[in-house]
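The values are calculated or read from the model by the stated rules, or taken from the named source; none is laboratory data. Note that this is a predicted model, so its numbers are computed, not measured. Neighbour counts are summed over all protein chains in view; Cβ atoms, including those assigned to glycine, are modelled from backbone coordinates with ideal geometry. The accessibility values were calculated without ligands, DNA or RNA, using every heavy atom of the protein model including side chains. Shrake-Rupley method; radii C 1.70, N 1.55, O 1.52, S 1.80 Å.
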Amino acid sequence: MTTVQTRGGTPRAAPDDYGESLETASILVIDDEPGMRNFLTKILTPRCKRVEQARSTAEASAILDQVHFDLVILDNIMPEQTGLEWMAEQRRVGFYADTILITAYADLDTAIQALRTGVADFVLKPFRANQILNAAARALDRKSLRRENYLLKHALSEAGFAARGRLLGNSQPIQTVRDMLAKLAPLPTSVLFTGASGTGKEIAARTLHGLSDRADKPFVAVNCAAFSSDHIAEELFGVVEGGEHRKDGLFLHADGGTLLLDEVAQLPDQVQAMLLRVLEDQRIRPAGAEREIPLNLRFLFATNADLEKAVEEGTFRADLFHRINVVNIEMPSLSARQEDIVELTALFMSDFSRSLGMPALELNEEVLLKLSRYDWPGNVRELRNLIERSVILGAFPEEFSGSGQVTGMQAIETLELVEQRHIMNVLDACGGNRAEAARRLGVSRKTVDRKCAAWGV
């Protein structure tokens with residue numbers, strides 16, 4: 001076995017011996033024989049994040065009431081009750097770890113009972129160290145794969161891939177957001193993202209996750225409005241039904257990472273109360289369970305609703321609002337960052353041309369001017385959808401089409417055209433008042449008049 005030295009001097013196995021799943025796992029060893037407990041602890045400790053042991057099922061139950069484990073290695077034949085009897089009992093109160101059963105008696109009845117009880121694997125005594133290590137690594141890899149599959153299906157059902165882009169643009173409003181995200185990234189603080197629909201709240205949340213020390217852990221986005229009020233608690237917290245069926249909720253699947261609750265204003269009142277407790281205790285209790293599970297989650301929230309108004313109207317709990325409104329990042333509308341419209345247009349055009357396998361449309365100075373002067377009530381999402389639709393149809397809508405002579409990067413970057421788009425945007429903001437536009441631009445009225453005459457405005 002290859003070992004490395006930790007900061008405290010304790011030897012640890014090289015991380016690639018049995019895989020990352022084992023290296024990051026917490027394992028509980030339950031056996032009434034001290035020799036077996038110590039043997040298992042000795043071979044597991046150098047390779048795992050945490051290993052604890054219990055000499056009886058009663059002691060194990062007490063430990064599980066306080067601490068969550070990824071894997072339990074369980075002896076079947078013990079004085080008070082068998083391991084399988086104990087497992088069946090635990091599933092009724094809430095048992096969340098995968099289990100490896102170790103036994104000297106592998107008859108058919110035991111194997112069938114083990115499968116029915118939900119044992120991930122069983123190992124026959126006597127066994128060698130590599131046998132139990134391989135069994136543990138396999139069980140943990142399967143557990144990790146189930147989690148990844150669940151989260152992938154959730155992301156597909158939420159259309160989450162559409163929001164996995166970058167936070168684009170160089171305008172001051174978007175740069176202010178970037179600076180705040182960089183400042184918050186190393187902190188565990190909850191963040192509330194507000195702003196109109198389509199402004200990129202989920203992309204900003206993903207950016208924050210990517211900058212944090214949780215970047216290699218799950219990022220789970222939940223649209224609270226997508227679930228019915230009858231099922232959202234089960235989807236978030238999970239459920240245990242009579243010891244026979246257990247469904248882990250999104251909170252548990254996201255453990256260690258970041259959870260974004262989008263459209264948080266849509267949560268039913270009962271779930272708001274449950275969420276408040278989770279935020280304060282960092283523990284959840286699935287429906288039907290008697291045992292709570294500790295969580296290690298960073299919570300992010302997003303809404304386009306006015307939460308203060310919702311509190312006044314009694315549709316959103318005041319205590320929950322104050323708990324989630326620690327830091328508020330308001331995402332700017334696209335009309336507030338008009339200098340980013342051209343850059344976003346060029347990027348979306350390139351992306352959709354490549355992904356759809358269709359020719360990109362020509363971006364000339366007239367098209368870019370029309371795009372930059374539009375208000376975009378649907379924000380970045382509306383612009384993105386327009387470009388996708390235009391690539392598919394092979395033309396821009398009539399209100400955005402143009403037959404300019406300058407195209408490509410020259411149309412995007414030429415100083416005179418950049419200046420034209422900026423001056424026209426300021427004029428639009430001033431309702432066509434040239435004197436006010438000149439004041440905002442810091443130039444004379446004659447300069448604005450001369451520019452407008454040259455552009456035929």
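One table, with the values for the structure above:
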item: Farthest toward positive dipole pole in the chain [+1 Lys/Arg, -1 Asp/Glu at C-beta], among A120, L167, F321; result: L167
item: Per-peptide average of other Cβ atoms within 10 Å, ordering 348-354, 23-29 highest first; result: 23-29, 348-354
item: Equivalent ellipsoid, the stretch 232-292 (semi-axes from 5 times Cα gyration tensor eigenvalues, Å); result: 19, 13, 11
item: The stretch 290-406: Cα Rg divided by the 2.2 N^0.38 Å rule of thumb; result: 1.55
item: Cα-centred dipole magnitude for the stretch 58-162, charges only on beta-carbon of K, R (+1) and D, E (-1), debye, nearest 20; result: 400 debye
item: Folded to 0 to 90 degrees: helix 34-44 orientation relative to the chain principal axis, Cα; result: 30 degrees
item: Degrees between helix 415-429 axis and first principal axis of the chain (Cα, 0 to 90, nearest 10); result: 90 degrees
item: Surface per residue (accessible, 1.4 Å probe) for the chain, Å²; result: 49 Å²
item: Inter-site label distance for S335 and M358 at 7 Å from Cα along Cβ, in nm; result: 2.9 nm
item: Additional length obtainable on full extension of the chain from A111 to K446, 0.36 nm per residue less Cα span; result: 111.5 nm
item: For the stretch 189-314, alpha-carbon Rg relative to the globular expectation (2.2 N^0.38 Å, N residues); result: 1.07
item: Listed pairs K143/K247; K183/K217; K143/K217; K49/K153 exceeding 18 Å between Cα atoms; result: K183/K217; K49/K153
item: Degrees, to the nearest 10: 445-454 long Cα axis against longest axis of the chain; result: 90 degrees
item: Extended-chain gain in nm, criterion 0.36 nm per residue less alpha-carbon gap, E89 and Q172; result: 24.0 nm
item: Highest-first arrangement of 191-203, 379-391, where packing means the average Cβ count within 10 Å; result: 191-203, 379-391
item: For the chain, share of DSSP beta bridges that run antiparallel, in % to the nearest 5; result: 20 percent
item: For the stretch 359-404: rounded, prolate or oblate by the Cα gyration tensor [a/c cutoff 1.5]; result: oblate
item: Dipole magnitude (debye, nearest 20) for the stretch 343-401, charges at Cβ of Lys, Arg, Asp, Glu; result: 200 debye
item: Accessible surface of the stretch 206-278 [probe 1.4 Å, protein heavy atoms]: carbon and sulfur percent; result: 43 percent
item: Cα-only radius of gyration and Dmax that characterise the stretch 251-355, units Å; result: 18.5, 56
item: Net length gained if the chain between R373 and M180 were fully extended (0.36 nm per residue, minus Cα distance); result: 66.6 nm
item: In nm, spacing of pseudo-spin labels at N328 and K153 (7 Å Cα→C-beta vector); result: 3.8 nm
item: Global form of the stretch 262-319, assessed from the alpha-carbon gyration tensor, a/c cut-off 1.5; result: prolate
item: Value of [θ]222 nm, deg cm²/dmol, for the chain, DSSP H segments ≥ 4, -39500 (n - 2.57) each, nearest 500; result: -14000 deg cm²/dmol
item: Under 5 Å, built H, 5+ apart or other chain: amide partners of A54; result: V29, I30, D31
item: Gyration tensor verdict on the chain (Cα atoms; rounded if a/c is under 1.5, prolate if a/b is larger than b/c, oblate otherwise); result: prolate
item: Estimated dipole of the stretch 172-240 in Debye, rounded to 20 [Cβ of Lys and Arg +1, of Asp and Glu -1, Cα centre]; result: 340 debye
